[in-house]
Amino acid sequence: MRNSQPGIERIFSWGALDSRVRVGLMVSIFIIVSLTPAVGQSIETGWVVVDSGTEVDLNAAVVHGSELWAFGDEGVMLSSSDGGLTWQTEVSPITSDFIAADAEYDSMAVLGADGAVLFKEGTGGEWQDLGIPAEGMASIAVTSSDSIITVGAGGAIWQYSEASWADRQSGFSDDLNDVAFLDSDFGFACGESGSLIFTDDGGATWDYREAPEGARDSNLVSAGYYNPFRMFAISSTGQILASTSQGGHIWNLVEIESQNYATSLSRNLNSIDVASASIILFTGPSNYLAVSLDGGNIVSKSILPEGLSTSFNDFAMVDYKTGVAVGDGGVILWTDDSGKDQLIGFEIPDYNNFGEFAEYADDMLLGGFLATIKIVGFGILFGFFIGTVLALFKTAPNSLKQIFERYSLTTVKTLGGVLSISGFYLLMTGGSRFGALGLDGIEYIYTPVGDPRGFGIFVLGLAMAAVGVQFVLADQKLTGPLFKIRPWNSIATVYTDFFRNTPLIVQFMFIHFGVGIGLKIQKAYEGNFGDMGTDGLDYFFFGQSAFISAIFTLGLNSGAYQCETIRGAIAAIPTGQMEAGRSIGLTYMGTMRLVILPQAIRICIPPLGNEMVNLVLNSSLAMVIGYSELARQGRLIIAVTFQIFWAWGMVMISYFVITWTLALLLRRLEEKTRIPGLGIIGGD
């Protein structure tokens, strides 16, 4: 029953309103909601078009003191004193096209297409025409307040110093396209056929640096030198070369994560600018501007202002955030955030909220989880194969005496003579190469690294000479000490000792970066079967060089440990079983395959399971070669969210899931394959 007393009903009670009023309100609300514009989420360009005042192609740009300068065709010079927002035309002493420029030490130099060089010493100085050192010059670098280096066609290098030009013979004939200097001493140049040359004396002398495999035929068009451990070069086809070794002795092709770990952006590039230790900017034709925030691993193409159609040629960055990009048709773009695309209307995630953190991290951890299972699965199989083969080698009973006692003493001595002569020849051939390494004293322990081929020849010669001398001195019963050597056992022992006595993390870096086995297998596959694309089984197996290197490293390392486990299991089988197999006509390998190994493998499942669990845990070290397994994904999550405890906690749980599941499967396998009557089974 409704209360009819005055004042009891609320003023704004919905039930107190007339039905026509309620309908009117509902229609009004519907119209308001329908007509209210939606606040959308969008990504906008991080570049702003500024008026250059010219329509000629702009080919180079530099930062000179507090000013920015741009240079283009027909001798056009532009300057900006407000960080690149407004530009004015400067008077040029020449009208030839400008193709390159550089500014350091308060001095600036610009290179013309005809080889002419203009130089401005100091921020307030006048332009000086330094003449034409040679035709075909392609790039220029200021190395001090009064010194310039230019490089160009046919490996030409000219240095301007003390008011005159000097021809610095590089000794190379390939065209050089760009040159970059860190300071007045250290610099490098790049060019055709993967040419990389380095100087540490201001350009007076130059030394060759070997390009990484896959880039030795590439046309390297631009160079960047940020600090002693950050050197970059790009090829015209989109490859990124990086060196983190002081002096640029070792170069690697960057496996670009944003390109499915390919070693090329698959597009033409014009120039590179290393704005910071991690931020790199790229230009190219067909409206191409891109930025990488992690040293080239992930490269993102920039969204550009609408209506542009140009080829971008160069950058001039005031700092790692603010600068300009110049291109054909007088285009100048300005940025104050490294050219990064701007997120408009996006809600900033609160990673202090565990739910939002987990929502961000779960996809990355799932990818890392699958990547870890991938290398662990193949690593276990490869390691088991290596371990089984090595175990057979270690248990092989044949010594040199057993191998050669079937031959006459004359034959053994004759063979010994041949081995001795060949061994001493190889010994001298290999040893004669060591002097060129410039080593002294204990430094000779590094000979296998300095000259692997020479060291291999030397060791082979030493072995052949020692065995040959033993054969020459042999008696009828072959009683010499070297006749007791078991060749297969010795090979397996050298292998296991090496891999068990060197750190796994070093093995990862040596196999991937030093030997480059992943890249070599990729190139061999593509050379025989063509491009593998970005999906399918061929890409699954050969698409990532880091994946291939990880499998090899884990398999080779684990195989050394599994070898000893399987060898011990083989030794646990009573010798009478081998004798019984041989007595019924089986060969040694036949007995091993049909009688010994089936029992030995069943015996060693528990210790093998322990080694396989260790292999899972060791797979986390694959992060050092850039493979995106769980540990690396954890680091990437932390880099974005800064939630260290949560990230590593989730990584630990993910590893536990893998290892615990593997342990359960191995326990089940052990129970199913247990040999009746062998071993202790728990009591009541």
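The values are calculated or read from the model by the stated rules, or taken from the named source; none is laboratory data. In this text, all values refer to a predicted model and were calculated from it rather than measured experimentally. Cβ coordinates were reconstructed from backbone atoms using ideal geometry, including for glycine residues, and neighbour counts include every protein chain displayed.
Candidates are the residues of region 318-344 that are assigned to a loop (DSSP other than H, G, I, E, B) and β-branched (Val, Ile, Thr); the one that is surrounded by the most Cβ atoms within 10 Å (Cβ to Cβ) is Val331. Scanning region 513-544 for residues that are outside any helix (DSSP H, G or I) and crowded, with 16+ Cβ neighbours inside 10 Å, we see that the one that is farthest from the chain's Cα centre (by Cα) is Met532.
Here's the yes/no breakdown for (1) farther than 30 Å from Met317 by Cα; (2) of a type in the set (Phe, Trp, Tyr):
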{"site": "Leu333", "(1), (2)": "no, no"}
{"site": "Ser338", "(1), (2)": "no, no"}
{"site": "Asn352", "(1), (2)": "yes, no"}
{"site": "Glu356", "(1), (2)": "yes, no"}
{"site": "Ile375", "(1), (2)": "yes, no"}
{"site": "Phe385", "(1), (2)": "yes, yes"}
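In region 431-446 there is at least one residue matching the filter, namely being surrounded by 15 or more Cβ atoms within 10 Å (Cβ to Cβ), of a type in the set (D, E, K, R), out of contact with any Pro (no Cβ under 7 Å at 6 or more places or on another chain) and at pLDDT below 90.
Condition check ((1) modelled with pLDDT under 65; (2) part of a strand (DSSP E or B); (3) within 19 Å of Asp337 (Cα to Cα)) across all residues:
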residue: Leu25; (1), (2), (3): yes, no, no
residue: Phe30; (1), (2), (3): yes, no, no
residue: Asn59; (1), (2), (3): no, yes, no
residue: Glu74; (1), (2), (3): no, no, no
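Residue-level check: of (1) in contact with a Lys or Arg (Cβ under 9 Å, 6 or more places away or on another chain); (2) in a helix (DSSP H, G or I), Tyr444 misses just (1). Listed by position, the strands (runs of 3 or more DSSP E) contained in region 225-281 that have at least 2 residues being touching a residue at least 24 places away in the same chain (Cβ under 8 Å) and within 14 Å of the chain's Cα centre (by Cα) are 230-235, 240-243.
Got at least one residue in region 590-597 being more than 22 Å from Ala492 (Cα to Cα) and not in a helix (DSSP H, G or I)?
no
Return yes or no: is Phe510 part of a helix (DSSP H, G or I) and in contact (Cβ under 8 Å) with a residue 40 or more places away in the chain? Answer is no for this residue. So is Ile457 in the same structural domain as Val494 (by TED's automatic domain parsing), at pLDDT below 90, assigned to a helix (DSSP H, G or I) and not small (Gly, Ala, Ser) or not? Judged against the criteria, Ile457 is not a match. Checked against the criterion of being closer than 17 Å to Phe315 by Cα and crowded, with 22+ Cβ neighbours inside 10 Å, region 242-264 has no qualifying residue.
The set of residues in region 90-133 that are in contact (Cβ under 8 Å) with a residue 12 or more places away in the chain, surrounded by 13 or more Cβ atoms within 10 Å (Cβ to Cβ), of a type outside the set (A, V, I, L, M) and in a strand (DSSP E or B) comprises Glu90, Phe98, Asp102, Glu104, Ser107, Gly112, Phe119, Lys120, Glu121, Trp127.
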